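Reading through the structure tokens given below for one structure.
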Amino acid sequence: MSNSSSRPLSPFLSVYKLEPSMIMSGLHRITGFALTIGLVLLTWWLVAAAAGPDYFAVIQGLLGTWIGKLALFGWTFSIFYHLGTGLRHLAFDTGRCLTKDGIVSSGWTVVVAAVGLTIVAWIIAFIA
Amino acid sequence: MSSKQGTSLVTDLARARGLGASHTGTEHWWEQRLTSIALVPLTLWFIFSIASLAGADYATVKAWLQQPLSATLAIILVAVTFHHAVAGMEVIFEDYIHTKCAKLTAIIAIKFVAVLGAVICILSVLKLALGG
């Protein structure tokens with residue numbers, strides 16, 4: 001481009017170095033999308049529960065396979081991650097954490113909390 | 001800039017509303033925040049309840065959903081979750097679908113599907129809760 005000197009650029013993703021805060025923002029949207037798809041599973045599960053023990057056994061059996069467990073694991077992490085980044089966005093909305101350090105530290109807090117809560121939920125599931 | 005008196009084509013009502021060409025203001029943003037606040041306790045309750053029911057038999061799951069508190073919270077969870085999901089999907093469609101017709105079709109479709117899904121879920125919970 002001939003006029004690329006010192007003019008501000010439009011926010012094309014390709015011109016920026018990939019930063020953790022960008023990845024977190026992208027993952028918030030991707031997990032939100034995935035959780036929306038997951039609502040099909042929630043609907044199916046509730047319908048199966050209402051349909052009776054025979055049909056409920058079918059979906060419980062599917063969720064009990066390793067693919068089912070993997071999907072549920074991804075679902076659990078997505079929920080806790082999306083919930084954490086969602087709370088972080090609510091904090092941003094009130095003007096909090098909007099410094100460079102605040103963005104980095106709140107980001108790591110969310111990641112650690114999401115991993116921690118996912119592990120706690122699965123420990124509860126395995127004990128129960 | 002010309003003075004506001006006399007020369008502006010904007011009506012007084014339009015200026016008072018202050019919405020501009022999009023015809024909407026902060027309603028969508030506000031609904032997204034409100035539903036997200038409601039979903040924090042609801043989601044935590046649901047995930048940890050489901051986790052503690054892992055491996056439970058049908059009778060146990062049914063008995064849990066039949067409790068008035070569980071049924072009430074489950075119905076609220078479903079309604080707010082579908083509302084929140086639609087608000088999010090709408091933004092995704094607005095950002096990534098660039099044909100106006102396709103964008104509008106996708107937004108209308110997700111709203112219809114969400115209402116269908118929410119009613120199916122709520123009816124399922126009610127059937128369990130009231131069916132005995």
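The values are calculated or read from the model by the stated rules, or taken from the named source; none is laboratory data. All values reported here derive from a predicted model rather than from experimental measurement. Cβ: placed from backbone, ideal geometry, glycine included. Neighbour counts: every protein chain shown. Please note that ligands, DNA and RNA were not included when accessible areas were found on the heavy atoms of the full protein model with its side chains. Shrake-Rupley method; radii C 1.70, N 1.55, O 1.52, S 1.80 Å.
Can you give the FRET efficiency for residue B:52 and residue B:112, using 1/(1 + (r/R0)^6), R0 = 30 Å, r = Cβ-Cβ distance, to the nearest 0.05?
The value I calculate is 0.30.
Over segment A:37-128, what per residue volume does the convex hull of the Cα atoms give, in whole Å³?
Each residue corresponds to 117 Å³ of Cα convex hull volume.
Which residues, if any, in segment B:96-132 have at least 20 Å² less accessible area in the whole protein complex than in the isolated chain, probe 1.4 Å?
Listed in order, they are B:96, B:120, B:121, B:124, B:127, B:128.
If you build a Gaussian network model of chain B, linking Cα atoms that sit under 10 Å apart, which residue out of B:95, B:12, B:57 swings the most?
B:12
Below 8 Å, C-alpha to C-alpha, sequence gap of six or more: please give me the relative contact order for segment A:8-111 in percent.
32
So if the hydrodynamic radius of segment B:64-109 is defined as the Kirkwood radius over C-alpha pairs, what does Stokes-Einstein give as its diffusion coefficient at 10 °C and 1.306 mPa s, in µm² per second?
In µm²/s, the coefficient rounds to 129.
Among A:63, A:13, A:72, which one shows the highest mean-square fluctuation when chain A is modelled as a Gaussian network with alpha-carbon springs under 10 Å?
A:13
Between segment B:56-121 and segment A:33-58, what is the separation of their alpha carbon centroids in Å?
13
Exactly which chymotrypsin sites (Phe, Trp or Tyr not before Pro) in segment A:1-66 are in a DSSP loop and have at most 11 other Cβ atoms within 10 Å?
A:12, A:16
Using a Cα distance threshold of under 17 Å, what count of lysine pairs results for the protein assembly as shown when pairs must be 8 or more residues apart or interchain?
Close lysine pairs found across the protein assembly as shown: 4.
Report, to the nearest whole %, how much of the accessible area of chain A belongs to carbon and sulfur atoms, 1.4 Å probe, protein only.
The value for chain A is 73 percent carbon and sulfur by accessible area.
Round to the nearest 10 and give me the degree value, 0 to 90, for the angle of helix A:20-51's Cα axis relative to the longest principal axis of chain A.
With both axes taken from Cα atoms, the answer is about 20 degrees.
Could you state the orientation-averaged shadow area of the convex hull built on the Cα atoms of the protein assembly as shown, in nm² to one decimal?
Directional mean of the projected Cα hull area for the protein assembly as shown stands at 20.4 nm².
For chain B, build the charge dipole from Cβ charges (+1 Lys, Arg; -1 Asp, Glu) around the Cα centre, then report which of B:83, B:19, B:55 sits farthest towards its positive end.
Highest projection toward the positive end goes to B:19.
Please give the charge dipole size of chain B, origin at the Cα centre, charges +1 on K and R Cβ atoms and -1 on D and E Cβ atoms. Round to the nearest 20 debye.
Here the size comes out at about 220 debye.
Only Lys, Arg, Asp and Glu count, each charged at its Cβ (+1, +1, -1, -1), so figure out the dipole size of segment A:19-127 about its Cα centre, rounded to 20 debye.
120
Could you pull out the trypsin sites (Lys or Arg not before Pro) across segment A:60-121 that fall in loop regions by DSSP (anything but H, G, I, E, B) with no more than 15 other Cβ atoms inside 10 Å?
A:96
With the dipole of segment A:19-127 worked out from charges on the C-beta (+1 for Lys and Arg, -1 for Asp and Glu) around the Cα centre, which of A:84, A:23, A:121 lies farthest toward the positive end?
A:23
Quick one: give the max-minus-min coordinate of the C-alpha atoms of segment B:27-131 along each principal axis, largest first, in Å.
Principal extents (largest minus smallest coordinate, Cα): 50, 25, 24 Å.
Averaged per residue, what accessible surface does segment A:19-127 expose to a 1.4 Å probe, in Å²?
55
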